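Step one of this worksheet: look at the structure below.
The values are calculated or read from the model by the stated rules, or taken from the named source; none is laboratory data. Worth saying up front: this structure is predicted, and the values here are computed from it rather than measured. Backbone-built Cβ (ideal geometry, glycine too); neighbour counts: all protein chains shown.
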Amino acid sequence: MTLLRPNETHDPALASWVESANDPASDFPIQNLPLCAFDPHPEDDEGPGEEHLGVRIGDSVLDLSILFQHLADSRQSPHDLPGIGDNADEDTTAILADAIALGNANAVMSLGPYGSALFRRCAQGLLRSEFKTEALARFLQRRALRRLDDVVLFEPAVIGDYTDFYASIHHASTVGAMFRPDNPLLPNYKWVPIGYHGRASSLFPSGMPVRRPSGQIKADDKPGEPPSPPVFGPCKLLDYELELGFFVGAGNEPGETIPIGRAAEHLFGVCLLNDWSARDIQKWEYQPLGPFLAKNFASTISPYAVMIEALAPFRCPASPRPEGDPTPLLYLADADDQRLGGFDITLEVYLSSAQMRAAGAEPLRLSRGSSRDMYWTPAQLLAHHASNGCPMRPGDLLGSGTLSGPSPESRGCLLELTWDGPGKPRKPITLPTGETRTFLADGDEITLRGFCEREGYRRIGLGDCRAIIEPAV
């Protein structure tokens, strides 16, 4: 697959007429161009606001909806745009133009790897520095380029379904050791990607506050005393989970599968995902069917779908399996996926309390890890999901599950970070203000960040995924 390999669109020498994108420290150079959906005139809205389709470039957003309407009005074809040439056929270009003009991100995703590569190539051609003197470039700069501070960003697509996996063996092992010290990993973990169906209606865009949930909570029973009944009340052990989300591109028909050798072609892009978790509610309710109300009250996603092709220079081998681990079954085994099915994305978590913000203190970095440590690749997650004929649709989101590494500082949630071993009390995290945390307090703001760096290529970022905790009702 060409999307597994870098091409001319990743050339670090490419520059843009949007000067902020040429800063080496920018997460959004012309080599990135993630898809986003936004309201270009939030000051005029009394209701939900209009939604346009765009790409992030430097400190701005390029409004592709306005651009392609302009092309239609002037009877121009996207087929003739710079950077396209022989890389497009008329039919796909026309479908892409219609989808963009309508602001339909899901329709863009449905075109598969060829269509998404064409989408990125179109945007890149329009933004290249040598295009600056053209009339269309002047139109773009005057009418279609919006400063990020002047727009409101939404979720990158309409997410019809959301599934969360458990793809980090380090997270699974650490959490398993808390409850089963002698048997941390259940026997199915190394054979099958574990997941559960989430709630798409409670996926929220970055920046939207998260309300502390309430639910049934059951205190631990004391030896020699009768069991205590559960109570209903606000969650006391609220946690974040550092995850990646993978957007499905072209789907499959009911009853059909997505073979592992083609699964990478069915993935459109990547975002950051915070799957908020109420640990005390979860502890009481999860048996025997797994997560429910402890998980489905809120999950926050970053506002950009960083396209799979943009991440080609940062592909890496699948995480090596320790000696003695089983080889994946044939429907999950593919040589190319093992060779280049992983992503080298650095992932960070920051916490800022209300007291820290009042004092002007910088957010505290809680952890730093990498998606290289995923036990199952994104392609394996998708192939397994569709292996029983489950129909996947454009815009569906697959969560990686909490991404933790082998070291304590790379743990992806407070449940792990504050754990000090079996039978020991939790070890609080001390904030710059002297406050301590074992779990989240009201007013805390959690920010997830992700980026890729490799010598010979431009840095690529995933943006921020953030939310502040509000008190329970």
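Things to note:
- Output for region 323-339, where each listed residue is surrounded by 12 or more Cβ atoms within 10 Å (Cβ to Cβ), within 15 Å of Pro193 (Cα to Cα) and out of contact with any helix residue (DSSP H, G or I) (no Cβ under 6 Å at 6 or more places or on another chain): Asp325, Pro328, Leu329, Tyr331, Ala333
- Taking region 242-261 as the range and being of a type outside the set (A, V, I, L, M, F, W, C) and out of contact with any strand residue (DSSP E or B) (no Cβ under 7 Å at 6 or more places or on another chain) as the test, the residues that pass are Gly251, Asn252, Glu253, Pro254, Gly255, Glu256, Thr257, Pro259, Gly261.
- Any hit, region 128-145, residues being under 20 Å from Phe246 (Cα atoms) and in contact with a helix residue (DSSP H, G or I) (Cβ under 9 Å, 6 or more places away or on another chain): no
- Hits in region 116-127 - residues which are in contact (Cβ under 8 Å) with a residue 60 or more places away in the chain and more than 21 Å from the chain's Cα centre (by Cα): Arg121, Ala123, Gln124, Leu126, Leu127
- Subset of region 456-473 [over 18 Å from Glu309 (Cα atoms) and either among the small types (Gly, Ala, Ser) or free of Cβ contacts under 8 Å to residues at least 24 places away in the same chain (or both)]: Ala467, Ala472
- Boolean, Glu285 is crowded, with 17+ Cβ neighbours inside 10 Å, of a type outside the set (Phe, Trp, Tyr) and over 30 Å from Phe28 (Cβ atoms): yes
- Qualifying residue in region 309-332 (condition: in a loop (DSSP other than H, G, I, E, B) and within 30 Å of Asp221 (Cβ to Cβ)): no
- Whichever residue in region 86-138 is among the hydroxyl-bearing types (Ser, Thr, Tyr) and more than 18 Å from Gly54 (Cβ to Cβ) and, among such residues, is modelled with the highest pLDDT: Ser110
- Of all the residues in region 177-215, those that are small (Gly, Ala, Ser) and over 16 Å from the mean Cα position of the chain (by Cα) number 5.
- Residue match in region 195-203 (condition: assigned to a loop (DSSP other than H, G, I, E, B) and surrounded by 14 or more Cβ atoms within 10 Å (Cβ to Cβ)): yes
- Options Leu96, Leu148, Leu111, Leu102: the member that is under 25 Å from His266 (Cα atoms), of a type in the set (A, V, I, L, M, F, W, C) and surrounded by fewer than 19 Cβ atoms within 10 Å (Cβ to Cβ): Leu102
- Checked across region 277-293, the condition of being at pLDDT 95 or above and closer than 30 Å to Glu455 by Cα holds for no residue.
- Test: residue in region 223-244 that is under 27 Å from Phe119 (Cα atoms) and not basic (Lys, Arg): yes
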